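Visitor: This structure is in structure tokens; I'll ask about it shortly.
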Amino acid sequence: MELTGSQILLESLQKEGVDTVFGYPGGAVINIYDDLFDSPIEHVLTRHEQAAVHAADGYARCTGKVGVVVATSGPGATNTVTGIATAYMDSIPLVVITGQVPTPLIGNDAFQEADMCGITRPCTKHNFLVQDIRDLARTIKEAFYIARTGRPGPVLIDFPKDIQVTKHKFKYPEKVNLRGYKPTYAGNKRQISKAGKMILEAKRPVLYVGGGINLSAANEELVKLAEMTQTPVTTTLMAMSGFPQSHPLALGMLGMHGTFYANMSVTECDLLIAVGARFDDRVTGRIDAFAKKAKVIHIDVDPTSIKKNVAVDLPIVGDLKDVLTKMVEQLAEKPDELQKLVEKTSDWRATVDEWKKSHPMAYQASDSVIKPQFVIEKIRELTADDAIITTEVGQHQMWTAQFFQFSQPRTFLTSGGLGTMGYGLPAALGAQVAYPERQVVDISGDGSFQMNSQELATLVQYRLPVKIAILNNNFLGMVRQWQQMFFDKRYSQTCMELPIDFVKLAEAYGATGLQATSVADVEKTIKKALETPGPVLMEFKVAREENVLPMVPAGKGIHEMVLAS
Amino acid sequence: MKHTISVLVENEFGVLSRISGLFSGRGFNIESLSVAPTLEPNISRMTLVTRGDDRILEQINKQLNKLISTIKVIDFTGEEYVERELALIKVNAEADSRAEALRIVDIFRANVVDVTPKSYTIQITGAPAKIDGLVELLRPMGIKEIVRSGPVVMGRGAKGVSA
């Protein structure tokens, strides 16, 4: 049977197991939307294309599935760029389908034309312009394959309007044949056994774990490796939900706002085992001072991540699940040597525990003013272990990473690499679509929230019971903190002077709005929000000039922290 | 250090911009780049000359390989290879300098491919250093225009490179 291009697209999506797409209609995708009308695929209409991408990204992060977006050409397509770049930096699998002007008009500056393959080349894993209906099904197959395999990432398909209406026989390819793309999954056994040997010889080992741990679903293997070798584990922002933070071996986050004990452990360790992490500058601080006493083992599925920023003594290219499984198996065959290792490294763990005791993660509690960290601790206390937490970007994001003790994989969705304000609300929306029964909370700041607040409408329309906690300090808090510390308190353009009535804003959209102005209100407000059906916005009037500490100033080594007094 | 790299790529929409964009986006330098289809029409071969230390070259190699459209990357540094570039040089050639120009062309085994009463257009092929040498000798006569193809390279020996 012959199908039109847009029908082939929808049939192909179903072959890929897609049941939900996020998007926004327009002239260049109107045929797709017409066919969507009769399709079993659910479509979630966001109020901005950027939000559609973040929602698909949130959906992908919490499920591990590929998130799918549809947007129209020109401005619709360019609006997706921040979302795509966000997903790219954090290696999140997406397929973004953008309408394009008809092929004869491409390059003519036609109405709502933008060169999306050109614009998204540096922020997609790959992109396609469909130029021939005969290529369409194969292109979609390849797009999904590329997005979800290897180091995952977003893939864009630019889909001209004339091809959407061209008819062709539909046959979905069984196999992908990309001669230039063959990701390495199996870690080299000899390298892995060398790594095992280095671990057994270490006196002060540390595991440094990144977002790859969740992407590869290697969380259990990581816990096994850490426990059998009794190695302390520090996690990047992307991996805070990758290792249970209540675990005795957990060191919390490292880097610019890392814990004292994580940063000291990395500085003093003699073996750093990097697992699905990429030595980002926010993690390393001054690079020549980073882990300089340590030999480095680096395990990553993406060879370009290895030796990009730091010298590596032992590289292992492969999927973490495969590599860690083999590593655990190999080590398990040497119980005596493991025993020796654990004995030999007990002094090291004692030192680490000393650091934990001398400089725990803490803040100055208050009875008179709501401390933002206190709100985060209370949300943790009152939500379920499997609650999905999203954040925007800034101080609230760092406090969430520092104080929310994540315990389950894929429960913390945050824009790590790109640092996109306005990510959290639409990501929460996408997560709630994926898991209607689970608690989903967007921890937000007053600045970030206003970057995608229009998505309140989407939450209400689809009855998505996302809870939003705005930690309102009427500042762009993180920039203000830098201005306080490094610019002589010259608060240039960081004071959000107009007080917004967030309760009314929520109510205007048909959501519930709650406000907490005193410490005593905090618990009550969170409980009420969690009990209230439908979306609820909570505004917490928090201490205005609270700072995120510890902090490593730019250009310093991560052991040179400004600590909480 | 200078590196000459051959890249086999899918001959498809946008592939040149993927390669050049990779270099500009990551701050790698390109001294020259030449590209044309191979015997297999759906594969193109690029030859590019770049500079960088070992760490940068390792990244260039890996990043090129990471592109979905890239089939194979060969860095010829440390290998035995033949390197050839083509240049066309339009040089002033009037009365007194005409004979001198021809002598130089002869020494370099170059050819004159276009002649006017005032100029010669000279074609030369060879290693880039040889072309540099010819350019130096012709420069005093006044070079009106020059175009160089950038080098292409091939490994020595019986073995061929294929996708």
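Visitor: Given the structure, is residue A:157 modelled with pLDDT of 95 or more, of a type in the set (Val, Ile, Thr), more than 24 Å from the chain's Cα centre (by Cα) and outside any loop (DSSP other than H, G, I, E, B)?
Guide: Working: modelled with pLDDT of 95 or more: yes; of a type in the set (Val, Ile, Thr): yes; more than 24 Å from the chain's Cα centre (by Cα): no; outside any loop (DSSP other than H, G, I, E, B): yes.
Criteria not met by residue A:157.
Visitor: Answer with yes or no whether residue A:140 is buried (at least 16 other Cβ atoms within 10 Å of the Cβ), among the hydrophobic types (A, V, I, L, M, F, W, C) and part of a helix (DSSP H, G or I).
Guide: Yes; evaluated as a whole, the condition is true for this residue.
Visitor: So, in the range B:1-47, exactly how many residues are open to solvent by 30 Å² or more (accessible area, probe 1.4 Å), part of a strand (DSSP E or B), away from every other protein chain (no Cβ under 14 Å) and in contact (Cβ under 8 Å) with a residue 12 or more places away in the chain?
Guide: 4
Visitor: Tally the residues that are more than 14 Å from chain B (Cβ to nearest Cβ) and either part of a loop (DSSP other than H, G, I, E, B) or more than 26 Å from the chain's Cα centre (by Cα) (or both), restricting the search to the range A:292-316.
Guide: 6
Visitor: While we're on this one: In this structure, is residue A:283 open to solvent by less than 10 Å² (accessible area, probe 1.4 Å), away from chain B (no Cβ under 14 Å) and among the β-branched types (Val, Ile, Thr)?
Guide: Criteria not met by residue A:283.
Visitor: Continuing with the same structure: Given the structure, is residue A:517 over 26 Å from residue A:365 (Cβ atoms), surrounded by fewer than 19 Cβ atoms within 10 Å (Cβ to Cβ) and of a type in the set (Val, Ile, Thr)?
Guide: no
Visitor: Does at least one position in the range A:162-172 carry a residue that is assigned to a helix (DSSP H, G or I), touching a strand residue (DSSP E or B) at 6+ places or on another chain (Cβ under 6 Å) and farther than 30 Å from residue A:396 by Cα?
Guide: yes
Visitor: May I ask you to list the residues in the range A:440-478 that are closer than 24 Å to residue A:45 by Cβ, outside any helix (DSSP H, G or I) and open to solvent by 10 Å² or more (accessible area, probe 1.4 Å)?
Guide: A:450, A:451, A:462, A:463, A:464, A:465, A:467
Visitor: Counting only residues that are open to solvent by less than 60 Å² (accessible area, probe 1.4 Å) and part of a loop (DSSP other than H, G, I, E, B), how many does the range A:320-366 have?
Guide: Qualifying residue count for the region: 5.
Visitor: Continuing with this model, one more query. I'd like the residue in the range B:48-61 that is among the β-branched types (Val, Ile, Thr) and within 12 Å of chain A (Cβ to nearest Cβ) and, out of all such residues, is farthest from the chain's Cα centre (by Cα).
Guide: Result: B:56.
Visitor: If I go through the range A:46-82 residue by residue, how many of them are of a type in the set (Gly, Ala, Ser), within 15 Å of residue A:451 (Cβ to Cβ) and out of contact with any Gly (no Cβ under 9 Å at 6 or more places or on another chain)?
Guide: Total satisfying the criteria: 0.
Visitor: Given the conditions (1) of a type in the set (Lys, Arg); (2) open to solvent by 80 Å² or more (accessible area, probe 1.4 Å); (3) outside any loop (DSSP other than H, G, I, E, B); (4) over 30 Å from residue A:307 (Cα atoms), report the number of the one that residue B:55 does not fulfil.
Guide: Just one mismatch for residue B:55, condition (4).
Visitor: OK, next. When you scan the range B:65-162 for strands (runs of 3 or more DSSP E) that lie fully inside it, which ones turn up with 1 or more residues that are buried (at least 17 other Cβ atoms within 10 Å of the Cβ), within 14 Å of another protein chain (Cβ to nearest Cβ) and among the aliphatic types (A, V, I, L, M)? Let's see the steps before the verdict.
Guide: On the way: elements: B:70-75, B:81-92, B:111-116, B:119-126, B:143-148, B:152-155.
Those strands (runs of 3 or more DSSP E) span B:70-75.
Visitor: Any residue that is acidic (Asp, Glu) and buried (at least 24 other Cβ atoms within 10 Å of the Cβ) - is there at least one of those in the range A:165-186?
Guide: Within the range A:165-186 (the criterion being acidic (Asp, Glu) and buried (at least 24 other Cβ atoms within 10 Å of the Cβ)), the answer is no, since none of the residues qualifies.
The values are calculated or read from the model by the stated rules, or taken from the named source; none is laboratory data. Quantities reported herein were computed from a predicted structural model and do not represent experimental measurements. Using ideal geometry, Cβ is built from the backbone for each residue, glycine included, and neighbour counts are taken over all protein chains shown. Ligands, DNA and RNA are excluded from the accessible area calculation, which covers all protein heavy atoms including side chains. Shrake-Rupley method; radii C 1.70, N 1.55, O 1.52, S 1.80 Å.
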